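Written out below as structure tokens is the structure these notes cover.
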Amino acid sequence: MTVTPVATTTHEEIYRVEDKPTGLVGFIALHSTQLGPAAGGLRMRPYASEAEALTDVKRLSEGMTYKNAAAGLALGGGKAVIMGDPLTEKSPALLRAFARAIHSLEGRYYTAEDMGMSPADMAILAEETPYVAGLADGEFASGDPSPITARGIFNAIRTSQSHRSGSKDLSGLTVSVQGLGHVGYYLCEYLHEAGAKLIVTDVNQGQIDKAITEFNAIAVAPDEIYAVKADIFAPCAIGGILNAQTIPQLKVAIVCGGANNQLATKTDGQALQDAGILYAPDFVANGGGIINVATEIEQITDRKAYVAEKLKALDVTMANILKQAKVEGQSPDSVAISTVLAKMDRQNAA
């Protein structure tokens with residue numbers, strides 16, 4: 001197994017990881033350790049190329065810096081990716097090899113589960129390194145962060161709706177949900193309980209069938225989700241889906257979801273603003289998962305109270321960002337970034 005530094009001018013550290021016996025190829029990116037050890041999940045996807053995987057891990061790790069700062073955590077931003085199909089190419093040996101790469105960073109990076117990973121996979125990683133969270137068992141085990149992530153997104157949707165209409169009530173509203181993975185499906189549960197109507201899409205027909213049965217959801221093809229008429233669009237799959245091609249198709253008042261790096265470029269936040277669509281910055285909306293993971297990294301004994309307090313504070317942060325953006329006539333995304341950078345400077349100076 002080899003861990004090779006990758007040249008970078010935007011991140012503190014980036015490494016390419018390869019283990020030929022297991023077929024492992026992946027990357028670990030540490031964007032910032034200004035507030036503490038870098039923390040962010042490990043995802044496994046069938047990337048088309050190493051360049052695509054590297055671009056993804058760089059964007060995701062930068063997003064984690066902002067997310068952890070927005071949530072008020074003593075953690076920096078990092079991320080890891082493995083190239084390959086998690087359904088057919090993931091193996092315990094491959095995961096252990098990657099865990100040894102994480103361990104070689106000596107605690108500068110903590111990982112947890114992300115797309116294509118599970119608490120059971122985290123347990124395998126933990127056999128090789130202590131720098132892993134999201135475990136199902138153990139004194140400080142935090143388990144699957146998805147329900148807490150979804151709860152934070154649900155809170156952000158209600159706050160965005162209140163900002164837009166003066167009421168947090170979602171009953172009778174239509175929400176289009178892109179992606180019915182762990183987070184997306186939990187979010188659908190919360191939305192359904194709140195009386196929202198659901199339009200859903202996913203590449204997994206089984207998940208679509210469940211949503212139709214359990215939530216009376218309407219299903220559309222993946223490429224049709226952008227053009228459906230709804231009150232709120234909740235992207236909960238891959239990033240980069242808000243772009244020059246999709247934004248003109250949107251027929252919604254609010255975009256608020258769980259996917260990381262939803263904006264394809266820095267100009268897309270302004271494009272949403274110009275289209276009259278309220279965008280809830282993703283790294284604030286989806287901060288619940290890392291809050292849950294932080295209880296394990298920081299060994300918090302009263303996890304329930306800690307998570308509740310941090311989720312409440314995160315919701316206040318979202319409300320303040322939306323208010324400031326409205327007053328200043330700026331996009332919420334630009335205000336969110338300036339807010340967390342200022343917060344990082346204050347915490348670093350303290």
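The values are calculated or read from the model by the stated rules, or taken from the named source; none is laboratory data. None of the values given here were measured: they were computed from a predicted structure. Please note: Cβ atoms are built from the backbone with ideal geometry, for glycine as well, and neighbour counts cover all protein chains shown.
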### Query
Which of (1) assigned to a helix (DSSP H, G or I); (2) buried (at least 17 other Cβ atoms within 10 Å of the Cβ); (3) at pLDDT below 95 does residue 115 not meet, given it meets every other one?
(1)
### Query
Is it true that some residue in the range 168-178 is farther than 27 Å from residue 45 by Cα, in the same structural domain as residue 233 (by TED's automatic domain parsing) and touching a Cys at 6+ places or on another chain (Cβ under 8 Å)?
no
### Task
Give the residues of the range 202-227 that are touching a Ser or Thr at 6+ places or on another chain (Cβ under 8 Å), among the β-branched types (Val, Ile, Thr) and not in a helix (DSSP H, G or I), sorted by residue number.
220
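Restricting to the range 123-137, and then to whatever is under 19 Å from residue 106 (Cβ atoms) and at pLDDT 95 or above, can you tell me which residue is nearest to the chain's Cα centre (by Cα)?
132
Of everything in the range 30-51, what is within 21 Å of residue 126 (Cβ to Cβ) and assigned to a strand (DSSP E or B)? Give them in sequence order. If you could, list the steps in order and put the result at the bottom.
As a first pass, look at the range 30-51 and keep what is within 21 Å of residue 126 (Cβ to Cβ): 30, 36-44.
Result: 30, 38, 39, 42, 43, 44.
Taking the range 31-61 only, how many residues are over 15 Å from residue 112 (Cα atoms) and either among the small types (Gly, Ala, Ser) or surrounded by fewer than 22 Cβ atoms within 10 Å (Cβ to Cβ) (or both)?
To start, the set of residues in the range 31-61 that are over 15 Å from residue 112 (Cα atoms) comprises 31-36, 45-56, 58-59.
Subset that is either among the small types (Gly, Ala, Ser) or surrounded by fewer than 22 Cβ atoms within 10 Å (Cβ to Cβ) (or both): 32-36, 45-55, 58-59.
Of the residues in that region, 18 qualify.
Tell me which helices (runs of 4 or more DSSP H) are completely within the range 239-323 and hold 1 or more residues being in contact with an Asp or Glu (Cβ under 6 Å, 6 or more places away or on another chain), or say none if there are none. Before the answer, list the steps.
Values: elements: 268-274, 282-285, 288-297.
In the range 239-323, 268-274 are the helices (runs of 4 or more DSSP H) which contain 1 or more residues that are in contact with an Asp or Glu (Cβ under 6 Å, 6 or more places away or on another chain).
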### Checking residue 15 against (1) at pLDDT below 95; (2) in a strand (DSSP E or B), the condition it does not meet
(1)
### Task
Could you please find all residues in the range 273-317 being within 25 Å of residue 248 (Cα to Cα), of a type in the set (A, V, I, L, M) and under 18 Å from the mean Cα position of the chain (by Cα)?
280, 284, 285
### Query
Can you tell me which residue in the range 196-248 is surrounded by the most Cβ atoms within 10 Å (Cβ to Cβ), limited to those that are in contact (Cβ under 8 Å) with a residue 12 or more places away in the chain and of a type in the set (D, E, K, R)?
202
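For (1) touching a Cys at 6+ places or on another chain (Cβ under 8 Å); (2) not hydrophobic (A, V, I, L, M, F, W, C), each residue gets a yes or a no:
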residue: 264; (1), (2): no, no
residue: 279; (1), (2): yes, yes
residue: 288; (1), (2): no, yes
residue: 299; (1), (2): no, yes
residue: 308; (1), (2): no, no
residue: 327; (1), (2): no, no
residue: 332; (1), (2): no, yes
### Query
What residue, of 338, 334, is within 17 Å of residue 77 (Cα to Cα), surrounded by fewer than 21 Cβ atoms within 10 Å (Cβ to Cβ) and not assigned by TED's automatic domain parsing to the domain that holds residue 47?
338
### Task
Only residues that are touching a strand residue (DSSP E or B) at 6+ places or on another chain (Cβ under 9 Å) and among the small types (Gly, Ala, Ser): list them for the range 189-227, please.
196, 211, 217, 219, 221, 227
### Residues of the range 150-182 classified as at pLDDT 95 or above and assigned to a helix (DSSP H, G or I), total
16
#### Entry: residue 192 vs. criteria over 17 Å from residue 211 (Cα atoms), at pLDDT 95 or above and crowded, with 16+ Cβ neighbours inside 10 Å
no
### Summary
The residue that is modelled with the lowest pLDDT, considering only those in the range 30-58 that are over 17 Å from residue 130 (Cβ atoms) and of a type in the set (A, V, I, L, M, F, W, C), is 35
